[in-house]
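Engineer: For reference, the structure I am asking about is given below.
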Amino acid sequence: YHTDEVCQSSGINAEYGGSVMTPNMGYRTEVCSAKEMCLKSGITDLSSEDVANLLCRMYLPSKCIGDEVSVEVGPTRHDILHQCDIEEDVAIAYGFNNIPKQIPDIYTIGTEQEVNKLTDSVREELARAGFTEVLTFSLCSRDDISSNLRIPKAIDNAVQIANPKTYEFQVVRTQLLPGILKTVSCNRKMPLPLKLFEVSDVVIQQEEADTGCQNLRNVCALYCGKTSGFEVVHGVLDRLMMALNEKDYSIQQSGDPMFFSGRGADVILGSKKIGHLGILHPEVLEKFEISLPCSVLEINLEPLI
């Protein structure tokens, strides 16, 4: 359908520290290297004139300027932001099926990361032990990782959000425990005992890293019932170590304030602490509105790779 009627658009004058008329119906010109566009697309038999003709077929008026192509981008092509978008149009007009196939210069073989293999193994073992996997938010409040766990100084090692939108998303979690405790709090009416676990990343500050922080793969298992269930989480630790064929580990009594006095322990691998387990202190349970005793195990998996 064709019409000779002239279409007009109505603009809106917006003020953001200045006056801006939108939408902008102007044209802009991009100058691109024909050789570079062909090289990135894998096309080897096109001249700059051929590239200009292909772009004209894509409703991008173009003309040759030596080895370069001047492309006029209209207001209807909001998808074209950079040269790579113009290169894509060249490949579409040429035909993806017409681009010759070639073996890459660098030969690589993709494999699963070791930490992900270990994660899958741990998930399977905990599922066999009767635990249910949960998936919780990576962000939490400052109190969840510090005062609610009776560890006020833990906030010093956390990565904080500069402009949090809600109270619940202020920092990146340094432990998996707060998320699981919230899950228990929201499922208090479920049949007892509750046996939950999560295998995921936590983030801590590290000045030596390029980003100033480091991701660690942790596993956390929690037992909640009419009894504390310390023997259950202790058995989970032994089962995981047996499945991973790891014998050089031990537990030592811990003074961690999140645990009931005398009922907490550090998990030692060789001579390095990789986690902890114990019966949670009543004040911690009260902060998360849990009225039943809970035992928890949380360890870092990366030293076990």
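Engineer: Give me a count of the residues in the stretch 251-274 that are open to solvent by 40 Å² or more (accessible area, probe 1.4 Å) and β-branched (Val, Ile, Thr).
Structural biologist: Residues in the stretch 251-274 being open to solvent by 40 Å² or more (accessible area, probe 1.4 Å) and β-branched (Val, Ile, Thr): 1 in total.
Engineer: In the stretch 286-305, which residues are under 22 Å from LEU237 (Cα atoms) and crowded, with 18+ Cβ neighbours inside 10 Å?
Structural biologist: Those that are under 22 Å from LEU237 (Cα atoms) and crowded, with 18+ Cβ neighbours inside 10 Å: PRO293, CYS294, SER295, VAL296, LEU297, GLU298, ILE299, LEU301, LEU304.
Engineer: Here is a check on your reading of the model: is ASP105 within 19 Å of GLY26 (Cα to Cα), surrounded by fewer than 13 Cβ atoms within 10 Å (Cβ to Cβ) and of a type outside the set (S, T, N, Q)?
Structural biologist: Numbers: within 19 Å of GLY26 (Cα to Cα): no; surrounded by fewer than 13 Cβ atoms within 10 Å (Cβ to Cβ): yes; of a type outside the set (S, T, N, Q): yes.
Answer is no for this residue.
Engineer: Right, another one. Quick check on the stretch 108-138: of everything there that is part of a helix (DSSP H, G or I) and in contact with a helix residue (DSSP H, G or I) (Cβ under 8 Å, 6 or more places away or on another chain), which residue is most open to solvent (accessible area, probe 1.4 Å)?
Structural biologist: Filtering the stretch 108-138 down to residues part of a helix (DSSP H, G or I) leaves 114-128.
Those still in the list that are in contact with a helix residue (DSSP H, G or I) (Cβ under 8 Å, 6 or more places away or on another chain) too: 115, 118, 121-122, 125-126.
On the way: VAL115: 25, LEU118: 18, SER121: 53, VAL122: 2, GLU125: 30, LEU126: 3 Å².
Restricting to residues being part of a helix (DSSP H, G or I) and in contact with a helix residue (DSSP H, G or I) (Cβ under 8 Å, 6 or more places away or on another chain), the top hit is SER121.
Engineer: Any idea which of (1) hydrophobic (A, V, I, L, M, F, W, C); (2) in a strand (DSSP E or B); (3) under 26 Å from LEU135 (Cα atoms) is the one LEU292 doesn't satisfy?
Structural biologist: (2)
Engineer: Is it the case that some residue within the stretch 45-65 is within 13 Å of ASP89 (Cα to Cα), open to solvent by 100 Å² or more (accessible area, probe 1.4 Å), at pLDDT 90 or above and not in a loop (DSSP other than H, G, I, E, B)?
Structural biologist: Checked the stretch 45-65: at least one residue is within 13 Å of ASP89 (Cα to Cα), open to solvent by 100 Å² or more (accessible area, probe 1.4 Å), at pLDDT 90 or above and not in a loop (DSSP other than H, G, I, E, B).
Engineer: Could you grab me the full set of residues in the stretch 237-267 that are among the charged types (D, E, K, R), more than 20 Å from LEU222 (Cβ to Cβ) and touching a strand residue (DSSP E or B) at 6+ places or on another chain (Cβ under 9 Å)?
Structural biologist: Answer for the stretch 237-267, where residues must be among the charged types (D, E, K, R), more than 20 Å from LEU222 (Cβ to Cβ) and touching a strand residue (DSSP E or B) at 6+ places or on another chain (Cβ under 9 Å): GLU246, ASP248.
Engineer: Follow-up question, since we're still on this one. Any chance the stretch 11-19 includes a residue that's at pLDDT below 85, among the small types (Gly, Ala, Ser) and surrounded by 11 or more Cβ atoms within 10 Å (Cβ to Cβ)?
Structural biologist: Within the stretch 11-19 (the criterion being at pLDDT below 85, among the small types (Gly, Ala, Ser) and surrounded by 11 or more Cβ atoms within 10 Å (Cβ to Cβ)), the answer is yes, since at least one residue qualifies.
Engineer: Given the criteria within 19 Å of GLU36 (Cα to Cα) and among the hydrophobic types (A, V, I, L, M, F, W, C), does ILE103 qualify?
Structural biologist: Answer is no for this residue.
The values are calculated or read from the model by the stated rules, or taken from the named source; none is laboratory data. Here the structure is a predicted model, which means the values were calculated and not measured. Neighbour counts run over all protein chains shown; Cβ positions are idealised from the backbone, glycine included. The protein model used for the area step is the full one, side chains on, heavy atoms only, and it has no ligands, DNA or RNA in it. Shrake-Rupley method; radii C 1.70, N 1.55, O 1.52, S 1.80 Å.
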